[in-house]
Amino acid sequence: MHSRRPQAIIDLNALSHNYQQVKQLAPNSKVLAVLKANAYGHGMLAVAQALKHADALGVARIDEALALRAGGITKPIVLLEGFFHADELQQVVASNLQLVIHHREQAEALLAAVLDAPVRVWLKVDSGMHRLGIYPHEFAELYQRLQQSPNVQGPMRLMTHFASSDELQNPATLKQLQLFQQTLQGAPGELSLANSAAVLNWPQSHGDWVRPGLMLYGVSPMAAQCSADHQLQPVMTLCSSVIAVREVSAGDAVGYGGSWIAAHNTRLAVVAIGYGDGYPRGAGNNADVLINGKCHPIVGRVSMDMITVDIGTAPVAVGDKVVLWGADLPVEELARRVDTIPYELLCNITSRVQFSYLSQSA
């Protein structure tokens, strides 16, 4: 029996292709592949296993790192938000994790701890994003104290994060780069600045380590562009199937609240996906899907489990595959239609969606 459960098909060959694009753009940099938020919704463990050549993996929180270790991942793992409580430090050491230190309280807790072994530290400077990072005026003192601590495996790595690297005309990135360099004053340590947008747009920021996230998954970090603009390949295809085909007459209202009224006699395909699966509610009357390779508009509101699509006279039948986003229907375009960002759409996929992985070529 054909499953009506929505599917996220993850193409690991596309993931490998995107990794190679990173290496072509930043050939002299090591790669810290960012896998936080379940690898941007793609499945953290499977992605980690597929990124065989990455130099290290980045996650936000310790539970993500421990899940990777439990899954057999031995590659270096960096906690991008560091530790939340000092009692986590023993687990950090036991699991051979690396830490980002981004505020004084973290630094003081690490300095005061009694550890079985030193940890690798990435010292983060706030160069203008004003979210995380030690203040520039604190750098010299904290750098020296951490560098001299028996709890820190030297030399430290030094990092910052760009706020606007997806905006090519915005001078903020160059200002952040300049402040970061001024703050360091030549302090020894490998440098890491570039997220996906900076990998693509600001080669002068590549440094010793780049930190690609979204671009690894074949999605553009720039609002007006798609993956193909950067020779990236979408890794996820979100699809479902038609579960009913219905005829409606001119003047018929469709769905909750009757937000769409048929202008003429037509046919609707009912598709098994909705906001309960993570598909955005804002797509109602505002986005398209692909059925048998052709675009059709979503009409009426997105329900918890279903959407309705105006198929007119197209030869569509129950069981036909429906693509919500993928290589031929960019997730970036859907994000623009519903006034959000691709990151949110990818991360919002729920556990009701069945994941399948296309194996990497040998």
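A few notes on this one:
- Estimated dipole of the chain in Debye, rounded to 20 [Cβ of Lys and Arg +1, of Asp and Glu -1, Cα centre]: 440
- Placed amide H near ILE77: partners under 5 Å, 5+ positions off or other chain: LEU57, GLN98
- Volume per residue for segment 130-176 equals 95 cubic angstrom (convex hull of Cα atoms).
- Spin-label proximity, TYR135 to segment 176-206 - amide N less than 19 Å from point 7 Å beyond Cα toward beta carbon: 176, 179-185
- Here the chain carries DSSP beta bridges of which approximately 50% are antiparallel, counting only pairs with both residues inside.
- Checking every one of the trypsin sites (Lys or Arg not before Pro) in segment 9-53 against DSSP loop status and a limit of 12 other Cβ atoms within 10 Å picks out LYS52.
- Qualifying chymotrypsin sites (Phe, Trp or Tyr not before Pro) in segment 7-85, where qualification requires a DSSP coil assignment and no more than 15 other C-beta atoms within 10 Å, comprise PHE84.
- Calculated P(r) of segment 81-178 - Cα pairs past 21 Å, %: 35
- Summing Lys and Arg as +1 and Asp and Glu as -1 over all other residues whose Cβ lies under 14 Å from the Cβ of ASN151 gives a net charge of -1.
- 13 Å beta-carbon shell around ALA327, net charge (K/R +1, D/E -1): -4
- Computing FRET efficiency as 1/(1 + (r/R0)^6) for ASN348 and LYS75, where r is the C-beta to C-beta distance and R0 is 30 Å, gives about 0.65.
- Relative contact order computed over the chain (Cα-Cα under 8 Å; 6+ residues apart), in percent: 19
- Subtracting the Cα-Cα distance of ASP55 and LYS321 from 0.36 nm times their residue separation leaves 92.0 nm of extension gain.
- In the elastic network of the chain, a GNM with C-alpha springs shorter than 10 Å, the most mobile of ALA48, ALA250, ALA14 is ALA250.
- Cα convex hull of the chain, projected area averaged across orientations, nm²: 20.3
- Cβ-Cβ distance of CYS295 and GLN148, R₀ of 51 Å, FRET efficiency by 1/(1 + (r/R0)^6): the value works out to about 0.25.
- Modelled this way, with points 7 Å down the Cα-to-C-beta line, the labels at ALA46 and VAL245 are 3.1 nm from one another.
- Hz values of 3J(HN,Hα) by residue in segment 87-103 - Karplus curve (6.51, -1.76, 1.60), Gly and Pro given as x: 5, 7, 5, 4, 5, 4, 5, 4, 9, 6, 9, 10, 10, 8, 9, 10, 7
- Here the Gaussian network model covers the chain, with springs between Cα atoms less than 10 Å apart; of SER249, SER29, SER192, SER249 fluctuates the most.
- Fully extended contour minus Cα-Cα distance, from ARG267 to ASN13, at 0.36 nm per residue: 87.7 nm
- Shown in residue order for segment 156-162 are the 3J(HN,Hα) couplings computed by the Karplus curve 6.51 cos²θ - 1.76 cosθ + 1.60 at θ = phi - 60°: 5, 9, 10, 9, 8, 9, 7 Hz (x for Gly and Pro).
- Distance between modelled label sites at ASP328 and SER359, nm, 7 Å Cα→Cβ extension: 2.6
- Measuring max minus min along each principal axis, the C-alpha atoms of segment 169-239 give extents of 51, 26, 17 Å (largest first).
- Unit Cα scatterers, Debye sum, segment 232-362: log10 I(q)/I(0) for q = 0.11, 0.12, 0.18, 0.20 Å⁻¹: -0.37, -0.44, -0.97, -1.18
- Per residue, the chain reaches -7000 deg cm²/dmol at 222 nm when only DSSP H runs of four or more residues are counted, each adding -39500 (n - 2.57).
- Span per principal axis, largest first, for the Cα atoms of segment 1-112 (Å): 58, 41, 23
- Amide H contacts under 5 Å for GLY284, placed H, 5+ residues apart: VAL302
- For the pair LEU111 and LEU168 in one chain, pulling the backbone fully straight at 0.36 nm per residue adds 16.6 nm over the alpha carbon distance.
- Spatially near lysine pairs across the chain, Cα under 14 Å, sequence gap of 8 or more or different chains: 5
- 13 Å beta-carbon shell around VAL59, net charge (K/R +1, D/E -1): +2
- Convex hull projection area averaged over all views, segment 33-89, Cα basis, nm²: 3.6
- Just so you know, the averaged projected area of the alpha carbon convex hull for segment 149-269 sits at 14.0 nm².
Coordinate-derived values only; no laboratory data. What you are looking at is a predicted structure, and each value in this text was computed from that prediction instead of being measured. As a convention, Cβ positions derive from the backbone with ideal geometry for all residues, glycine included, and neighbour counts pool all protein chains shown.
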